[in-house]
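Okay, structure first, notes after.
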Amino acid sequence: MSHNSDAPVEPITIPVLQRWKEEGRRITMTTAYDAVTARIADPVVDIILVGDSVGNVCLGFDDTLPVSMAMMNHHLEAVARTKPRALLVADMPFLSFHLSPEETIRNAGGLLQRGADAVKLEGGSRRAGMVRALVDCEIPVMGHIGLTPQSVNVMGGFKVQGRTTDDALRLLDDADHLQDAGCFALVLEGVPAELAARATETLTIPTIGIGAGPDCSGQVLVFHDVLGLTLGHRPKFVRAYANGFALLQQALSHWAADVRQAAFPTHQQSYRLPDGLRDTIANWTPSSST
Ligand code: KIV
């Protein structure tokens, strides 16, 4: 499983994910925004997403809307330098795929040139034209429907989608149109489990759920949520597998206490002079005192 082992590591590609969908093998995806998180995640998961959630998780914004292409490029480059074997997907941020096909293709192409294997963009049938334009340029696209965080203002908050007949049927139509437009996979976020199950059953491409119940082809959770590194309100769909925030803070406090008590560093963490030099140093006096 590790990059350091001699065992060959199979890179995860889009055909591999398609085969897994057909075999019913579950797909795992998490986020990474820098080289450290990428190195932790890569031996474990199948897909690494450089998500625009970097905005609220790491950059201190309230939502993903302020995230720019420059920010995405910066974080993607850090992750791509680790050369992950996982499929590397980069999010297209708000307004980077809305204005014209030319601008959309240039932005998405730039992500691929920086090391992404594919891009992800939010939105339903209305985005099918842009998806087609990208796929025509050999840019693989992962769709993302349901509770799409870039639509927070339209939705009136981060609310579960697809709970009325019209909404549920529209979401199934959206999924179908995005597959038809050429998406290789679809993130289903914040939708009732039954709806996600029906989409997964009818689509031939894999679905990746987040707050979409257990019957998707795979699951995605934000890295910092899985490890308990986020503070504040925890959505119902998150299960933290560690209390990372407290754990890391405890370790840091331990170090700070050691420094204050002169228990760190010891000789073990210090460099020493060669024997002959010790006397020279001991006999040295500042020239200002002579
Ligand atoms: O930006 C992100 O992290 C995402 C996932 C939650 C799917 O889009």
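The values are calculated or read from the model by the stated rules, or taken from the named source; none is laboratory data. The structure presented is a predicted model; accordingly, all values stated were derived computationally and were not measured. Positions of Cβ are backbone-derived with ideal geometry, glycine not excepted, and every protein chain shown enters the neighbour counts.
When G157, G143 are checked against the criterion of being surrounded by fewer than 16 Cβ atoms within 10 Å (Cβ to Cβ) and either on the phi > 0 side of the Ramachandran plot or part of a strand (DSSP E or B) (or both), G157 stands alone in meeting it.
Against the conditions (1) closer than 26 Å to V45 by Cα; (2) surrounded by 15 or more Cβ atoms within 10 Å (Cβ to Cβ), K83 satisfies every one except (2). Remark: I145 matches the filter, which requires a residue to be among the β-branched types (V, I, T), in the same structural domain as Q18 (by TED's automatic domain parsing) and within 16 Å of the ligand (Cβ to nearest atom). The residue pairs whose first member lies in the stretch 163-183 and is in contact (Cβ under 8 Å) with a residue 24 or more places away in the chain and assigned to a loop (DSSP other than H, G, I, E, B), whose second member is among the small types (G, A, S) and surrounded by 12 or more Cβ atoms within 10 Å (Cβ to Cβ), and whose beta carbons are closer than 8 Å, counting only pairs six or more residues apart or on different chains, are C183/G143. Within this structure, E189 passes the test of being under 20 Å from S53 (Cβ atoms) and of a type in the set (D, E). Within the stretch 253-279, the set of residues being outside any loop (DSSP other than H, G, I, E, B) and surrounded by 10 or more Cβ atoms within 10 Å (Cβ to Cβ) comprises S253, H254, W255, A256, A257, D258, V259, L277, R278, D279. Apart from one condition, L195 fits all of (1) more than 16 Å from the ligand (Cβ to nearest atom); (2) in contact (Cβ under 8 Å) with a residue 40 or more places away in the chain; (3) surrounded by 15 or more Cβ atoms within 10 Å (Cβ to Cβ); the exception is (2).
Residues that are closer than 19 Å to I139 by Cα, modelled with pLDDT of 95 or more and within 13 Å of the ligand (Cβ to nearest atom): find the strands (runs of 3 or more DSSP E) completely inside the stretch 1-105 holding 2 or more of those. It comes to 47-50, 87-91.
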